[in-house]
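Structure first, commentary second.
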Amino acid sequence: MQSLLPTSIQIPKVLTIAGSDSGGGAGLQADLKVITALGGYGMSVITAITAQNTLGVTRIQDVDLDVVEAQIDAIYMDIGADIVKIGMLGSPEIVRTVAKALRRHGVKRIILDPVLRATSGASLGGDDTAQAMIAELFPIALLITPNLEEASLLLGREISGPNDFKLAAQELLDMGPQAVLIKGGHLDSTHTQITDFLMWRSVEDELEVILTKEFKHYRVNTINTHGTGCTLASAIATYLADGHDLPHSVAKAIAYVEAGLEAGCFLSIGEGPGPLWHMHDFYPTALAKEKGI
């Protein structure tokens with residue numbers, strides 16, 4: 001059905017396929033905040049409903065497979081999406097359902113954040129889910145964004161620090177995705193500098209080459225880090241949908257997360273580790289020092 005009104009303005013359309021975080025700091029709630037803050041139009045497919053807050057996850061209810069599939073179909077039969085960001089997929093069955101639906105709609109641009117465990121330690125997937133992701137989603141993913149724990153689970157061995165990143169990224173790249181970003185933020189707090197490592201396939205002179213880039217930045221001293229992984233992946237997806245290339249999108253997304261962590265230092269949301277502040281560009285949280293307050 002054609003719209004009755006002429007459309008002259010196009011904005012990036014980003015679809016997030018993820019779990020719902022009732023506390024609002026992570027999951028699809030965080031994804032939609034990021035997409036909106038960065039000028040995109042956000043849409044969502046809910047894969048699970050979680051009861052959680054800043055203190056942890058108390059319950060998880062997976063959404064029925066046919067409902068997950070119907071949500072994806074509804075988006076692609078009308079609005080479409082320039083890129084898809086995938087977060088929490090709580091079971092191998094959900095992984096396979098999502099992969100099958102995306103293939104059926106010919107989706108080519110997928111950012112996969114392989115969420116397997118919450119910051120609080122609660123399991124959001126497991127070995128079977130990880131193996132399903134490798135088999136079903138890695139071959140169609142543009143980029144995967146595991147943290148250290150997720151990379152270790154996916155590879156079946158411990159990834160302990162930056163010295164392991166290059167080999168780990170190569171092994172993950174060999175599993176099928178076009179690019180891998182290993183995030184170093186889960187190193188213990190004695191590491192004041194964080195290294196994120198990007199490896200991606202490119203074509204030069206009609207030959208495929210493997211390129212790498214390190215992103216080094218200082219750790220923000222805050223406990224309010226809930227939702228950083230979801231936020232980073234959604235920011236990368238939105239920048240890519242807006243026309244930036246991959247390394248530039250990753251660099252801009254890291255800077256956005258850093259600014260959100262800095263602004264989040266001044267927020268008091270909940271009794272546990274709170275979220276970063278996604279709307280820092282619109283609603284600053286720090287008092288202006290020059291006003292002498």
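Could you look through the stretch 1-31, keep only residues that are more than 16 Å from I72 (Cα to Cα) and of a type in the set (A, V, I, L, M, F, W, C), and pick out the one that is modelled with the lowest pLDDT? This residue is M1. So for the stretch 219-228 (the condition being open to solvent by 30 Å² or more (accessible area, probe 1.4 Å), at pLDDT below 90 and part of a strand (DSSP E or B)), does at least one residue qualify? No, the stretch 219-228 contains no residue that is open to solvent by 30 Å² or more (accessible area, probe 1.4 Å), at pLDDT below 90 and part of a strand (DSSP E or B).
The set of residues in the stretch 92-114 that are part of a loop (DSSP other than H, G, I, E, B), in contact (Cβ under 8 Å) with a residue 40 or more places away in the chain and open to solvent by 20 Å² or more (accessible area, probe 1.4 Å) contains only R109. Tell me which residues, restricted to the stretch 49-86, are open to solvent by less than 50 Å² (accessible area, probe 1.4 Å), in contact with a Lys or Arg (Cβ under 7 Å, 6 or more places away or on another chain) and part of a loop (DSSP other than H, G, I, E, B). Answer for the stretch 49-86, where residues must be open to solvent by less than 50 Å² (accessible area, probe 1.4 Å), in contact with a Lys or Arg (Cβ under 7 Å, 6 or more places away or on another chain) and part of a loop (DSSP other than H, G, I, E, B): G80, A81. Under the condition of being over 17 Å from D113 (Cα atoms) and open to solvent by less than 10 Å² (accessible area, probe 1.4 Å), the residues counted in the stretch 229-262 number 1.
The values are calculated or read from the model by the stated rules, or taken from the named source; none is laboratory data. Nothing here was measured: the structure is a model prediction, and the numbers come from that model. Cβ atoms come from the backbone with ideal geometry, glycine included; neighbour counts cover every protein chain shown. Surface areas here come from the heavy atoms of the whole protein model, side chains and all, with no ligands, DNA or RNA. Shrake-Rupley method; radii C 1.70, N 1.55, O 1.52, S 1.80 Å.
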